[in-house]
1. Check whether at least one residue in region 111-122 is closer than 16 Å to Cys69 by Cα, in contact (Cβ under 8 Å) with a residue 12 or more places away in the chain and not acidic (Asp, Glu), and report yes or no.
2. Under 30 Å from Phe35 (Cβ atoms) and surrounded by 17 or more Cβ atoms within 10 Å (Cβ to Cβ): does that describe His139?
3. For region 76-89, state whether one or more residues are over 14 Å from the mean Cα position of the chain (by Cα), at pLDDT 95 or above and not in a helix (DSSP H, G or I).
4. Kindly indicate which of Ile40, Ile53 is farther than 20 Å from His139 by Cβ, among the β-branched types (Val, Ile, Thr) and either at pLDDT 95 or above or assigned to a helix (DSSP H, G or I) (or both).
5. For region 76-87, check the following and say yes or no: at least one residue is exposed (fewer than 13 other Cβ atoms within 10 Å of the Cβ) and either touching a helix residue (DSSP H, G or I) at 6+ places or on another chain (Cβ under 8 Å) or touching a residue at least 24 places away in the same chain (Cβ under 8 Å) (or both).
6. Against the definition (of a type in the set (Asp, Glu), within 24 Å of Arg67 (Cα to Cα) and within 15 Å of the chain's Cα centre (by Cα)), how does Glu129 come out, yes or no?
7. Can you find, within region 110-136, the residue that is farthest from Phe35 (Cα to Cα) among those that are assigned to a helix (DSSP H, G or I) and in contact with a Leu (Cβ under 9 Å, 6 or more places away or on another chain)?
8. Consider Glu31 carefully, then state whether it is among the charged types (D, E, K, R), closer than 20 Å to Pro127 by Cβ and either in contact with a Gly (Cβ under 9 Å, 6 or more places away or on another chain) or at pLDDT below 95 (or both).
Amino acid sequence: MWPQHRPGGGGAASASASQRAARRAGGGGMESVVFIFSLIDCCALIFLAVYFIITLSDLECDYINARSCCSKLNKWVVPELIGHAIVTVLMLISLHWFIFLLNLPVATWNIYRFIMVPSGNMGVFDPTEIHNRGQLKSHMKEAMIKLGFHLLCFFMYLYSMILALIND
């Protein structure tokens, strides 16, 4: 049944009541599926960021050579790009504007970084240039920032998923 209108409950209260009514009509399960998928994807991106940090620190400590490090990391650049792009588009389609706008700069940066690889390079991570001009430090800093970002997103998706499941 439709919720009753409460006097003096306009604004956000009536909007949330109409959203609950729309969910009961059949659209509520989709929101929880969106956040469950986003949470799983975010976990994969967290593990990927940790893998990048470990591999780059192994290169920094000379446990592995530059060629094997870059080939390991370049193998995961496209899956990272796709995983983040899927979540960003999913938030756009599901009309979660704040989360979409939060994800957009990181997704744009991943795409820009992938497109702007010079023609002679092996990939985003190039063994001939990784020790030049502090690129190793900048790659490490980028991986740390992404780890922090994905941890923030993880808790945001977890909270949103719990909220969506409770409201269903």
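The values are calculated or read from the model by the stated rules, or taken from the named source; none is laboratory data. These numbers come from a predicted model, not from an experiment. Neighbour counts run over all protein chains shown; Cβ positions are idealised from the backbone, glycine included.
1. Taking every residue of region 111-122 in turn, at least one turns out to be closer than 16 Å to Cys69 by Cα, in contact (Cβ under 8 Å) with a residue 12 or more places away in the chain and not acidic (Asp, Glu).
2. On the way: under 30 Å from Phe35 (Cβ atoms): no; surrounded by 17 or more Cβ atoms within 10 Å (Cβ to Cβ): yes.
When the stated conditions are applied, His139 does not pass them.
3. yes
4. Among Ile40, Ile53, only Ile40 is farther than 20 Å from His139 by Cβ, among the β-branched types (Val, Ile, Thr) and either at pLDDT 95 or above or assigned to a helix (DSSP H, G or I) (or both).
5. yes
6. no
7. Leu136
8. no
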